[in-house]
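Have a look at the structure below, then the notes.
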Amino acid sequence: MRGATTEEDPHMKFIHIIAGLLALTSGAVALYAAKGSTVHRKSGMIFVIAMLVLTSSAVVMAAFLRPNRVNVIAGVLTFYLVSTALLTVRRPVEQSRGLVTGFMLLALTGSAYAFALGFEGLHSADGSVDGLPPQPLFMFGVVGLLGGLLDARMLWARSIQGAHRLARHLWRMSFAMWIATLSFFLGQARFFPAPIRQSGVLAIPVVLVLLVMLYWLVRVLLKRRSPATLPMRSGEAAPR
């Protein structure tokens, strides 16, 4: 399998790297731009496209070029988060029931597989899964399970409005940004000079994205009536 696709690997890796850099840049702009502004909407869409390319290329590489089941799970569930976050602000529930149902099943299946791999790693001889620690698998398992259950709840209610709609968009898009930031700054730490690695500065962007996500969640869910929690028109961007 590897030998048959080795020649394509550099091209796929190049696409993956460019998409990752574009996702980090546009995601940072969307995260800090005025919510609902033109800059926010345009940078948000660039982030979505870049993340879909990034996660798709990651899954292809991890499944066929350099097999790694942990990266497959990470790519699939991050793709799920971005896709469902976009659907939340683009289509009403009744118009997206089929897609949401499909993504819900994908999330629940990915969650079950992540937990299974995690326990496999804990009981393996070297305590790893394909050379990686199993702990991230449990995180992805929880995220997939939570996302799938929230999808089921929304489908049962047949609608989602106001602050809950914005919160659904917010945490999924922001958590995807957090995963990308974590993967770049800490997952690829070996490519940074030793003084930078040892200083701990690489953890700052990772913590910052998480704090900004929590800030917006609290603001959206606790503020009773503000422009950030007003119902959105179809196709209107939400704050992130």
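The values are calculated or read from the model by the stated rules, or taken from the named source; none is laboratory data. This structure is a prediction, so every number in the text was calculated from the model and none was measured. Cβ coordinates were reconstructed from backbone atoms using ideal geometry, including for glycine residues, and neighbour counts include every protein chain displayed. Ligands, DNA and RNA are stripped out before the accessible areas are found, and what is left, the full protein with its side chains, is counted by its heavy atoms. Shrake-Rupley method; radii C 1.70, N 1.55, O 1.52, S 1.80 Å.
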Can you give the accessible area per residue of the stretch 14-141, in Å², using a 1.4 Å probe? 45
Put +1 on the Cβ of every Lys and Arg and -1 on every Asp and Glu Cβ in the stretch 1-137; which of Thr101, Gln135, Thr88 then has its Cα farthest towards the positive end of the dipole? Thr88
With N set to the number of residues, divide the alpha-carbon radius of gyration of the chain by 2.2 N^0.38 Å and report two decimals. 1.04
Toy charge model, Lys and Arg Cβ at +1, Asp and Glu Cβ at -1: the stretch 137-210 dipole around Cα centroid in debye, rounded to 20, equals 140
Bounding extents of the stretch 161-225 in its principal axis frame from Cα atoms, largest first in Å, are 48, 16, 7
How tilted is helix 162-185 with respect to the longest principal axis of the chain? Cα atoms for both, answer in degrees (0 to 90, nearest 10). 20
Helix-only [θ] at 222 nm, the chain, -39500 (n - 2.57) per DSSP H run of 4+, per residue, nearest 500, equals -24500 deg cm²/dmol
Lys/Arg +1, Asp/Glu -1 at C-beta; the chain dipole; positive extreme among Ala63, Leu31, Val48: Leu31
A correct Stokes-Einstein calculation for the stretch 104-214, using the alpha-carbon Kirkwood radius, 25 °C and 0.890 mPa s, returns a whole-number D in µm² s⁻¹ of 153
In whole angstrom, the spacing between the Cα centers of the stretch 10-54 and the stretch 57-122 equals 19
With +1 on each Lys and Arg Cβ and -1 on each Asp and Glu Cβ, how big is the dipole of the chain about its Cα centre, in debye rounded to the nearest 20? 1200
How far, in degrees from 0 to 90, does helix 203-222 lean away from the longest principal axis of the Cα atoms of the chain, to the nearest 10? 20
